[in-house]
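Shown next, in structure tokens, is the structure this report addresses.
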Amino acid sequence: MVAGVGLPVHAGCVQLQKLPTLSFGGFQQAAAPSAALPGQTTASTAAPSVAAATALLTGAAALRSAGRGRRRHGGCTAGSVRSAVVLRAGGDQDFPLVNVARGLSPAELTGPRVPMWVFRQAGRHMLEYNEYKAKTGKNFLELLRDPKDVAEVTLQPLRRYKVDAAILFSDILVVAEALGVRVEMPGGKGILVPEPLRSPADLSALPAEAETDTAAFVEDKLSHVLAAVRLILEKMKEEGFGDRPLIGFSAAPWTLFFYMVGGSSRKNQKEGERWLAENEKASKKLLDLLTKVIVEYLSAQARNGAHVLQVFEAMGEHISEENFTRWALPAMTEIAAELKRRHPTVPLMVFPRGASYSLAALQTAGYDVVSVDTETNLGEAASALKAEAARTGGGRVAALQGNFDPKWLRACEGGSVEVVRREVQRMFDSLGPVAGFGQNGHPALIANLGEGLNGTESVELVAAFVDSVHELSTK
């Protein structure tokens with residue numbers, strides 16, 4: 001710890017900046033220094049065959065040369081656009097981010113043409129989060145179990161930054177926990193599954209598909225998350241943030257599969273693909289089960305008020321393109337199809353991190369917004385989406401999301417307010433003139449990061465990122 005400051009040291013990357021007062025929507029606070037961040041299917045929702053999934057990927061050829069490995073940050077550890085429809089989510093409210101996700105031309109918005117939020121915008125990089133954790137005496141996983149704690153942490157970045165959405169403070173492994181899988185978070189080792197599935201026989205310990213394929217299962221096992229969604233929306237209105245939507249989310253089936261059979265994102269990284277190769281029937285059974293639970297979980301979030309739903313394929317870098325096509329893509333397609341059937345006005349976002357070759361296929365699968373990682377050029381992604389829309393008969397072109405490199409939000413890696421503004425402009429330029437976003441078949445953009453905050457970022461530079469996006473995209 002740094003004496004007198006109380007901030008964890010992150011390999012020389014602790015920012016000790018001055019604390020100016022920030023005022024957002026009537027809320028004032030001091031700016032803080034950075035702290036260390038499918039079962040049975042109906043005919044209408046059946047997943048595509050392997051051949052069909054392979055066809056979906058043909059539009060992504062331009063992206064296959066993109067780097068697949070996760071960038072390591074040394075020094076800091078820790079066709080046509082769809083018809084324009086204004087979505088009035090949550091009654092009479094009109095959210096710019098939701099409207100862009102649904103296909104409204106950004107030119108029809110007032111103010112900035114590029115709405116934005118930040119992956120992991122709540123959490124360890126904020127002093128108020130670390131102070132709240134210390135005050136409650138709870139660790140990350142314990143915070144997730146109390147709706148009051150979840151609501152407080154979800155709202156913290158809204159009070160500090162002018163982000164255009166809140167995202168539910170949660171974790172990708174809550175679905176695994178609901179299935180009876182033990183999840184732990186020992187210090188310095190990330191989130192772990194200490195007792196991963198070792199063989200197909202271990203599947204017998206999981207709930208039966210007939211039990212999990214119900215709304216009642218999610219409403220029982222994940223009732224605390226749904227209560228948090230409702231409380232967040234209530235608190236957002238109370239604190240003057242009712243003009244911003246709430247994003248709900250879940251991990252994708254492959255990502256959950258990866259953790260449940262491997263136990264960690266840092267070790268046993270080949271275990272998932274070993275299962276796919278050696279235990280095909282069991283792998284399909286587990287992925288089918290996860291797909292059904294995820295559909296019910298995301299559907300429940302929408303029923304409880306979430307305005308947008310995000311699917312995170314966080315472990316896309318740990319599956320080959322061939323296996324992604326055969327195993328991951330059909331599951332993600334089924335999720336999109338069923339959620340679109342149930343909640344046609346709720347936009348769907350997806351982030352296949354480390355698997356950007358799949359962006360065009362995920363567009364065709366039905367996702368309204370496809371997220372781009374730091375290793376992929378936005379212009380190349382746009383070309384792939386437009387080519388796929390043309391190949392499939394002039395269908396919709398999804399909006400893009402991403403892909404600012406969070407290293408520029410760390411002073412120890414060369415970040416500064418000036419550099420952040422320069423890099424935001426470069427991000428825009430890689431997609432084209434801002435005036436052309438969402439016009440004439442070109443994708444719109446929701447600005448975000450190309451990977452989540454890791455906890456060593458400066459709040460001043462995160463604020464500079466948010467403000468630069470808005471300022472540089474305003475008419």
Going by the conditions given, is residue 312 assigned to a strand (DSSP E or B) and surrounded by fewer than 24 Cβ atoms within 10 Å (Cβ to Cβ)?
yes
Here are 421, 410: which of them is among the charged types (D, E, K, R), at pLDDT 95 or above and surrounded by 22 or more Cβ atoms within 10 Å (Cβ to Cβ)?
410
So which residues in the stretch 355-402 are open to solvent by 10 Å² or more (accessible area, probe 1.4 Å), assigned to a loop (DSSP other than H, G, I, E, B) and farther than 22 Å from residue 308 by Cα, if there are any at all?
374, 375, 377, 392, 393, 394
List the pairs whose first member sits in the stretch 461-475 and is crowded, with 17+ Cβ neighbours inside 10 Å and β-branched (Val, Ile, Thr), whose second member is assigned to a helix (DSSP H, G or I) and at pLDDT 95 or above, and whose Cβ atoms are under 7 Å apart, counting only residues at least 6 apart or on separate chains?
462/409; 469/424
Kindly list, by first and then second residue, each pair from a residue in the stretch 137-149 that is open to solvent by 20 Å² or more (accessible area, probe 1.4 Å) to a residue that is assigned to a loop (DSSP other than H, G, I, E, B) and not charged (D, E, K, R), limited to pairs with Cβ atoms under 7 Å and residues at least 6 apart or on different chains.
139/185; 140/185
Restricting to the stretch 231-248, name every residue that is within 24 Å of residue 369 (Cβ to Cβ) and open to solvent by 40 Å² or more (accessible area, probe 1.4 Å).
243
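Condition check ((1) under 17 Å from the mean Cα position of the chain (by Cα); (2) at pLDDT 95 or above; (3) open to solvent by 10 Å² or more (accessible area, probe 1.4 Å)) across all residues:
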position: 85; (1), (2), (3): no, no, yes
position: 91; (1), (2), (3): no, no, yes
position: 96; (1), (2), (3): no, no, yes
position: 101; (1), (2), (3): yes, yes, no
position: 107; (1), (2), (3): no, no, yes
position: 114; (1), (2), (3): no, yes, no
position: 117; (1), (2), (3): yes, yes, no
position: 121; (1), (2), (3): yes, yes, no
position: 126; (1), (2), (3): no, yes, no
Would the stretch 429-438 turn up any residue that is part of a helix (DSSP H, G or I), closer than 24 Å to residue 353 by Cβ and out of contact with any Pro (no Cβ under 9 Å at 6 or more places or on another chain)?
yes
Has the stretch 159-177 got at least one residue that is farther than 24 Å from residue 234 by Cα and within 17 Å of the chain's Cα centre (by Cα)?
yes
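The values are calculated or read from the model by the stated rules, or taken from the named source; none is laboratory data. Only a predicted model underlies this, so the values are computations on that prediction, with no experimental measurement involved. Cβ sites come from the backbone with ideal geometry, for glycine too, and all protein chains shown count toward neighbours. All accessible areas refer to the heavy atoms of the entire protein, side chains included, with ligands and DNA or RNA removed. Shrake-Rupley method; radii C 1.70, N 1.55, O 1.52, S 1.80 Å.
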